[in-house]
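In what follows, a structure is listed as structure tokens, so that the remarks can point back to it.
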């Protein structure tokens with residue numbers, strides 16, 4: 001964290017020294033960059049050869065300007081990301097970026113803070129990455145969340161216009177999240193419902209996994225392009241498979257072995273938590289592989305089912321403790337099949353799994369369309385602030 | 001996966017239950033195939049163990065099957081790292097630890113020597129300059145000492 005603060009207001013103008021040279025001046029060897037790249041390549045499921053190529057490329061780049069906006073949110077995403085960084089391997093990302101504006105973390109406030117944002121935007125025009133945390137309220141002209149006399153909508157539009165790309169962090173910035181939960185009193189929406197002319201990477205989750213942020217920024221820096229995204233705009237490397245696909249309890253699901261209640265003997269033996277409400281089969285995220293708190297554990301390993309927090313409208317999808325098969329709508333058809341498969345030991349085939357995955361993607365897309373319609377309705381209600389770029 | 005396994009944090013006297021899914025056996029087959037291929041093509045391979053749905057017991061089982069060979073190295077590079085050759089030459093284990101000594105990278109690498117152990121040419125160039133500077137400073141100090149000694153004698 002100390003390094004984070006230290007780096008925050010260092011000049012972000014293009015510097016003569018490359019990252020490799022800057023690190024060498026600090027006595028940091030190229031092994032550190034290789035180690036970091038191995039870490040990023042592993043979490044992004046890149047081919048093994050990518051790590052050394054990535055390290056070479058990173059060493060030749062310069063620090064990336066990042067402007068971090070906080071809107072309608074609980075700051076849990078910032079908590080997640082900053083608390084995860086200890087002064088070791090993960091800390092290196094702060095040598096690679098220049099965090100030029102962050103209301104939560106910066107020392108200055110008021111006009112000086114806004115001046116810092118404007119300055120960073122001017123000096124890095126067309127080159128900075130805009131990170132957005134929190135949803136944007138559109139109802140009643142966006143009056144429900146303002147900062148420095150401007151609505152979130154105004155700040156977002158102003159900051160986005162010269163950004164290289166936007167990373168929407170957390171389920172609020174991506175899909176509206178909890179602020180958009182029914183009846184969505186503020187008309188909250190995610191970034192991609194407002195900004196249409198910039199590349200947007202959705203890093204969903206409540207909060208998202210810190211490594212997804214690290215990996216995404218490092219990928220852009222070293223590869224010079226955006227990572228491949230899924231239908232919901234999320235990096236495929238992290239959201240390409242369900243929690244269930246990579247869960248260590250999955251082999252027990254295949255054998256039809258399920259926990260019947262929390263902390264029963266079956267749960268302790270590692271049996272699948274499907275019947276106690278786990279949403280792993282329909283949730284696309286990397287918790288089962290990257291885990292949390294620096295790879296220590298994740299909810300299912302701690303004995304609790306997945307809540308599905310990285311999927312749109314997770315808050316409005318019924319009880320967290322009812323099996324997926326009891327849910328209404330399209331999900332029901334999808335997961336009843338899954339449960340039957342799990343109950344029959346060893347009969348799950350790759351074909352069935354691919355089919356389920358395709359259905360899940362279709363369901364997610366359908367939900368996204370419904371959400372767009374819902375958001376459009378909310379925008380129509382907006383008196384002034386609902387005009388899109 | 002981490003140094004804090006489920007067994008280790010089970011401190012309330014419950015019966016420890018091993019959770020072995022059998023993946024380690026499947027991995028042995030994959031490693032064997034990669035090693036065969038490496039002997040023929042020289043193509044290195046990496047298996048990311050963190051990406052597999054393995055329990056801590058699965059990992060322990062795998063390491064037990066692979067054993068330890070002649071080379072073991074610890075690195076202090078942005079945190080700690082452990083690299084060791086298994087009992088099968090050319091099959092390496094590479095583990096990078098982050099904050100709290102948690103494994104951030106946990107791999108099996110099939111190669112001659114893992115790249116992390118090899119000095120980078122840029123680091124060697126910097127080291128050459130540093131060594132030359134240090135050597136010149138030492139020579140200067142030595143000369144200054146000699147001059148002082150001569151003055152003292154006179």
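Taking the listed residues A:165, A:160, A:180, A:188, the one that is surrounded by fewer than 20 Cβ atoms within 10 Å (Cβ to Cβ) and more than 12 Å from the chain's Cα centre (by Cα) is A:165, with no other qualifying.
Residues of the range B:59-90 that are under 24 Å from residue B:37 (Cβ atoms), within 15 Å of the chain's Cα centre (by Cα) and within 14 Å of another protein chain (Cβ to nearest Cβ): B:83 alone.
Determine which member of the set B:141, B:122 is away from every other protein chain (no Cβ under 14 Å) and more than 14 Å from the chain's Cα centre (by Cα). The match here is B:141. Give the range A:257-289 a look and list any residue that's farther than 18 Å from residue A:234 by Cα, facing another protein chain (nearest Cβ under 10 Å) and assigned to a helix (DSSP H, G or I), or say none. Correct list: A:265, A:268.
Every residue, every condition in (1) in contact (Cβ under 8 Å) with a residue 40 or more places away in the chain; (2) within 14 Å of chain A (Cβ to nearest Cβ); (3) under 26 Å from residue A:32 (Cα atoms), yes or no:
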site	(1), (2), (3)
B:106	yes, yes, yes
B:114	no, yes, yes
B:117	yes, yes, yes
B:148	no, no, no
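Filtering the range A:242-253 for residues that are within 14 Å of chain B (Cβ to nearest Cβ), assigned to a helix (DSSP H, G or I), within 13 Å of the chain's Cα centre (by Cα) and more than 22 Å from residue A:161 (Cα to Cα) leaves an empty set.
All of (1) within 14 Å of chain B (Cβ to nearest Cβ); (2) crowded, with 24+ Cβ neighbours inside 10 Å; (3) modelled with pLDDT under 95 hold for residue A:292 with one exception: (2).
The values are calculated or read from the model by the stated rules, or taken from the named source; none is laboratory data. This one's a predicted model, so the numbers in the text were calculated from it and none came from an experiment. Neighbour counts are summed over all protein chains in view; Cβ atoms, including those assigned to glycine, are modelled from backbone coordinates with ideal geometry.
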